[in-house]
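Written out below as structure tokens is the structure these notes cover.
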Amino acid sequence: MKYRSRSEIIALMLQTTANGGATKTRIMYGAYLSYAQVNEYLQFLQAKQMLRHDELEQTYHMTERGMQFLRAYDQISDLVSISNRRTSDAPLLAPQR
């Protein structure tokens, strides 16, 4: 598996919870994380108020702030993929004169 950025992992976790919430196990499998990793990220996302935990159902739900992150992440991903396709044959930097 290729290296994934922290932002990419967070986006996968949020996407997993998008349809009515998800259990810790579902998030772990959805984002391809170990148990220790998912616990660390869940703690972080709750502290940043992107996820909330429903104690009664033992599920995690995305908050409005999490939705904002996911929208921004998707927009940036679209911009990067468009520019990569358009400039794939062009050099990254113009030659120095």
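The numbers here are math on the coordinates, done by the rules we state, and not lab data. These numbers come from a predicted model, not from an experiment. Ideal geometry is used to build each Cβ from the backbone, glycine not excepted, and the neighbour counts take in all protein chains shown.
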Taking loop as defined by DSSP and a crowding limit of 12 other beta carbons within 10 Å, which trypsin sites (Lys or Arg not before Pro) in region 1-51 fit?
2
Given charges of +1 on the Cβ of Lys and Arg and -1 on the Cβ of Asp and Glu, with all other atoms neutral, how large is the dipole of region 6-74 about its Cα centre, in debye to the nearest 20?
120
Taking H placed 1.01 Å from N in the peptide plane, check which residues at least 5 places from residue 59 or on another chain put their amide H under 5 Å from its amide H.
54
